[in-house]
Amino acid sequence: MIGPVWLHLALIAFIAAAFGSGPALARPTLPFGVRIPAGRVGEPAIALARRRYNRGVTAGAVAACAVVLSGWTARIDLVIVGLGVLYAVLGSLAHRTVAAAKRDGDWYAGTRQAVATDTSLRSDPVRPQWILLTPSVLLATVTAVIGLANDTASFSTVFAQVLVVVLVSLLTFAISRARPEIDAARPSRSASRYREYLHGVLSLLLVSAGCVNATLLVVSLQLWEVIETTVPVTIVAYLPLLAASIAWLGFSLKSGDAGHRLSPADGEPETRYEQRDDDRHWYAAGMVYLNRDDPALLVHRRVGTYWTLNLGHPVSWLVLAAVAVVGVLAGFGFVALPSKGG
C-alpha cells in the first residue's frame, strides 16, 4: 500500500479521531462497555480510565506519524494494523479499569434494577423508507445494461451490486425488528430517542447502498474500459463512498450511541429504577453478546452505532456459517471478485 505521505498521515488522523471519539459518543451509563448506575457516571475511576485512554490514543497516533515521516511507507498497512491493535488493547484496559472499580465499589448495591420495553415499537414499528433503495436498484440495472452491451464485460461488479441490494435489504429488515434500547430510568424518553435514532440509521443504510453501487458503476466502466482509468475518474468513483462516510459521521456525532444525545419531546422525570446490570452476557469489552435466554437475534452493541448477533441464538451461528462459506469460496476463487480486466 504505497501512496503520498499526506494520505497516510490523514488516514492515521482519521483512525485516531474515530477511536478517540468513542468514549465521548458512548452512553453515560456504558463507559467503555461497562453497565453502571446513572448516579455513578462521575466516578473518579471512569475519569481516570478516559484520561489514560485518550493519552494512549494520542501517543499511538504520534508514534505512527513518526514512523511514516521517517520514510517507512512501503508497509503502511502494518502501521495501520498495529495502530488498530494498540487502540483495541487500550479500550480493553479501560474496560477492565471501570469494571474493577464497579466490582470493588459494589456500585449496584441498594439499587432497584429493571428492564423496560416499548410495545408500540411492535404495534407501530419504525418502518424503513424502502423508496430510498430505488437508486441502488437503478444503478445496478444501468450497470447490467452497459455490461450486456459490452460483449467482453465481466459481471462480477454487477453481482456485487445485486449482493449489496440484497444484504442491505435483509439488514434493514432485521435492524428494524431488533430489540430496542430502552432505559428503565427514563423509559418514555429513551424510547422516543431510540425511535428517532432507528429512523435515521435505517434511512442512512438504504442511502448508503446507493452510494456503494454508484462507486461500483464507475469501477465497472473502468474495468470494461468504457472510460479511461485516470486519477480524476478514480476520485469521482469514490466520492459517493466519501459522502456516505461523512453522513454516517455527522449522524453519529449528533445522535450518539443508540441515540442518547438526541433531544426527546417530553421532560419525563427519572424513575426509581436502574437499567439491569447484564455485564455477564457481554464479552470482549462489550463487543460480543451471548445470552441463551434472550430470544433477540440482533442487539445493539455497547460500543458504536451498530448491532451485533446474539451468539446464544442458534440462527446467529447459521448466519456466521454462511459468511464463512462465502469467504472460503472467495478465497479459493469459486466466487469471483471485481479485479482489473474482469
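Dividing the convex hull volume of the alpha carbon atoms of the stretch 161-247 by its residue count gives 81 Å³ per residue.
With the alpha-carbon atoms of the stretch 5-110 aligned to their principal axes, the span from lowest to highest coordinate is 58, 20, 17 Å, starting with the largest.
Lys and Arg at +1, Asp and Glu at -1: add these up for the other residues within a Cβ distance under 15 Å of residue 123 and post the number.
Net charge in that neighbourhood comes out at +2.
Reported to the nearest whole Å, the Cα centre-to-centre distance from the stretch 1-68 to the stretch 241-315 is 19.
P(r) of the stretch 60-205 in 10 Å steps, Cα pairs, percent per bin? In order of increasing distance, the bins hold 9, 19, 17, 27, 20, 6, 1, 0 percent.
Scale the Cα Rg of the stretch 241-330 by the rule-of-thumb value 2.2 N^0.38 Å and send over the ratio, two decimals. It would help to have the intermediate numbers written out before the result.
On the way: Rg = 17.1 Å, N = 90, 2.2 N^0.38 = 12.2 Å.
In units of the 2.2 N^0.38 Å rule of thumb, it is 1.41.
If you add up the charges near residue 285, with Lys and Arg at +1 and Asp and Glu at -1, over every other residue whose beta carbon is less than 12 angstrom from its beta carbon, what do you get? With Lys, Arg at +1 and Asp, Glu at -1, the neighbours total +2.
Cα-Cα pairs above 22 Å in the stretch 191-285: how many percent? In whole percent, the share of Cα-Cα pairs in the stretch 191-285 beyond 22 Å is 54. Would you compute the Debye intensity of the stretch 127-172 from its alpha-carbon atoms alone, equal scatterers and no solvent, and pass along log10 I(q)/I(0) at q = 0.29 Å⁻¹ to two decimals? The calculated log intensity ratios at q = 0.29 Å⁻¹ are -1.03.
When the Kirkwood hydrodynamic radius is evaluated over all pairs of different C-alpha atoms of the chain, what value in angstrom, to one decimal, is obtained?
22.7
Filter the chain for me: DSSP H helices, axial length by Cα at least 15 angstrom, mean Kyte-Doolittle hydropathy not below 1.6. List them by residue number.
Details: long enough: 5-25 (30 Å, 1.79); 44-69 (37 Å, 0.77); 76-105 (44 Å, 1.02); 134-149 (23 Å, 1.81); 156-176 (30 Å, 2.23); 187-223 (52 Å, 0.69); 231-255 (35 Å, 1.51); 314-331 (26 Å, 2.21).
Helices meeting the criterion: 5-25, 134-149, 156-176, 314-331.
To the nearest whole percent, what portion of all C-alpha pairs in the stretch 122-273 is separated by more than 28 angstrom? Across the stretch 122-273, Cα pairs with separations above 28 Å total 35 percent. Please figure out what share of the DSSP beta bridges in the chain is antiparallel and state it in percent, rounded to the nearest 5. Around 55 percent of the beta bridges assigned by DSSP in the chain are antiparallel ones.
Rounded to the nearest 500, what is the chain's calculated 222 nm mean residue ellipticity when only DSSP H runs of at least 4 contribute -39500 (n - 2.57) each, over all residues? Walk me through the intermediate numbers first.
Working: 9 runs with 198 residues, N = 342.
It comes out at -20000 deg cm²/dmol, rounded to the nearest 500.
Work out, in µm²/s and without decimals, the Stokes-Einstein translational diffusion coefficient of the stretch 272-312 at 20 °C, 1.002 mPa s, Rh from Kirkwood over C-alpha pairs. Don't skip to the end; give the middle numbers.
Working: Rh = 10.8 Å.
Estimated via Stokes-Einstein, D reaches 199 µm²/s.
Measuring how big the stretch 55-103 is from its alpha-carbon positions, Rg and Dmax come out at 13.9, 47 Å.
A short reminder: the numbers here are calculations on the coordinates, not readings from a lab. Remember, predicted model here, so these are calculated numbers, not experimental data. Backbone-built Cβ (ideal geometry, glycine too); neighbour counts: all protein chains shown.
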